[in-house]
Structure formats: structure tokens, C-alpha cells
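Every read-out reported here was derived from the displayed coordinates using simple, explicitly stated rules and does not represent laboratory data. Not measured: the values here are computed from a predicted model. Here the Cβ positions follow ideal geometry from the backbone for every residue, glycine too, while neighbour counts run over all protein chains shown.
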Amino acid sequence: MFEEAQYLAPVTRRADGGVEVELSRSHPGFADDEYRERRNHIAELALNHTRGDPIPEVEYTDEEHEVWRRVSRELTVSHAQYAVADYLEGTARLGLPTDRIPQLEEVGSALRPLTSFRYLPAAGLVPLRDFYGSLADSYFHATQYIRHHSVPLYTPEPDVVHEVIGHANMLAADRFADLYRVAGEAARRVETRDALEFVSKVFWFTLEFGVMREDGALKAYGAGILSSYGEIREFRTVDIRRLDLLAMGTMQYDITHYQDILYAADSMTHLEDLVGTFWATCTDDSIAALTATTKTP
Ligand SMILES: [Fe+2]
């Protein structure tokens, strides 16, 4: 999100008032009419939602719950080995169900007493400024659909597995929740498109795809890694660099492939001191000054 918004399937209202989620031909559910109908229905629920009302319940099918069970089982094993301590602590505090897909309303109700975070349903693309601005108010926009059952360990777009297993477990941990909030405050403070993109790219390389050294081992904390069966096995093999605001904020990356460069924090404190402080204090001018150093006169 962040640029995640760009790889969500576009959602449009048809002339007859119905909602259409456009899936690409390469999407695993492209030729499955029943799945397409589900996606349209779930997107419509989100489009019709008004902030402040309870999040509409999605009646998931047994097949969809089975996808959740399978992915939860696989990811839990990987998390024990590769997730940072704060994420595991958030996981223990939140206690997400592993036998069924939880409703977003239910996840939000469990999160709120822990860190004040709640969920808002997203039909598809959420503009960057809305997505980040809501974080400042402790709201997290999330999709409710689940990936296609034919490939339970793969999704070309962020589904409820990513939004909940990836993000909610982080949002249940105090130190991560604070980082999400200051990222939101930064997005709200800056006015130029360039500065907003810089803020969102730093988010991408930290809260989405961040890794961290912990007790001599390289662990992951980014929701994009911790919700991906494939990426969680690969992240230690890619080009790992030390946290660097300018490099992260100006990196061009391809969201359709595994990340081939990741940025490692030395510790949680290092992440907070460098990235948390940046988000807490950055302005259009400070970001322009930072990026000016990379431009030749
Ligand atoms: Fe995400």
C-alpha cells in the first residue's frame, strides 16, 4: 500500500450499479466466475461502508477458510524461525484464529484495547494520502477478500492474509503501532507529491519489507515478508543493506517481483531512532534538501 495501492485490482461501478473488480489475465482467479462474483460482492460491501459503522461481515466459504488454515499453519512455522521478537509478541497478544478467517471488525475490536488501532474496509485502491493519513488516526485500510484457492500460498495482490496476518500482528505490538502512526503523521504533514512518495517508499522498505538484526541473526518484521510463504524463505539470500533513508526514499522498485534489495535495521531502537524520528519530524523542505544531495548541479 503505499504503492501497494498500485497493484490492487482496479474496482469500478458498472452502469447497472453493480461493482466490478478487474483481474488481470494472469490472476489465478481470472477464469473462475464464482471467485470473480465473490470479489465483486466483497468490494461492493467495502464501497458501501461509511466510517464509524461496523465493518460489513463477509460470509466466507469453507474453501476460503481452508485457504486461511493452510496459510496460517505454514506461516506460523516460518514466523517462529524468522520473525522479530516484537512481531511474535504482537502475535501472542492478538491471538488471531488459525482455523477460520476472522472478520475485520473482530480483528479491530481485539486490536483497539492493545494499541488503539482499528480497521477500515478497502474495496481496492486507496489513494496514498488517505491510506497514510488514516494511520495517523490509528485506522488501517484493509481488503477482505482472500486469494484464489488453487494457489493458497501465492497472491499477486494484498489479500486478507496479508492485511491481517502481516499487518495486524504488527499493529498489536506497541513499538510497531507507534511507527505506523508517525508514518501517517508524516504523510499528513507533507504537501508535495514528491515528499509523500518519499515517505511511502521509506514505509515500503521498513514496515512492508523491513528486516532486522536480532541476536546475531537476520530476522524479518515487514508485513509483506511475514505474510508471504515464498518471501519469508528468500529474504536472507537477497542484497541486504543497512537502513538508509535517502536510498530507501528514492529507490525504484518493482512491486510485482520479490524484493532484491532489503534494508536491515541493527535493532528495534535503530529503526525507531532513524526512521521513526524521520517520520516524526520530516517536512517538504527537509525531504527536498535530503534528495537534493543526489542531484547533480
Ligand atoms: Fe501491506
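Worth a mention:
- Looking at segment 11-294, the DSSP beta bridges with both ends there are about 35 percent antiparallel.
- Percentage relative contact order, segment 49-139, counting C-alpha pairs under 8 Å, at least six apart: 30 percent
- Structure-based [θ]222 nm, the chain - -39500 (n - 2.57) summed over DSSP H runs of at least 4, per residue, nearest 500: -12500 deg cm²/dmol
- The residue among 142, 121, 211 whose Cα reaches farthest toward the positive pole of the charge dipole of the chain, with charges on the beta-carbon of Lys, Arg, Asp and Glu, is 211.
- Estimated D of segment 27-107 in µm² per second, where Rh is the Kirkwood radius over Cα pairs and Stokes-Einstein applies at 10 °C, 1.306 mPa s: 106 µm²/s
- Here the contact order of segment 124-220, divided by its residue count and restricted to Cα pairs under 8 Å and six or more residues apart, works out to 28 percent.
- Within segment 10-91, the trypsin sites (Lys or Arg not before Pro) that combine a DSSP coil assignment with at most 12 other C-beta atoms in a 10 angstrom radius are 14, 25.
- Segment 11-294: translational diffusion in µm²/s, Stokes-Einstein, Kirkwood Rh over Cα pairs, 10 °C, 1.306 mPa s: 82 µm²/s
- Take every pair of alpha-carbon atoms less than 8 Å apart whose residues are at least six positions apart; their mean separation over the length of the chain yields a relative contact order of 19 percent.
- Cβ-derived FRET efficiency at R0 25 Å, residue 257 paired with residue 31, nearest 0.05: 0.60
- Ranked by the mean number of other Cβ atoms within 10 Å per residue, highest first, peptides 187-200, 230-243, 90-103 order as 187-200, 90-103, 230-243.
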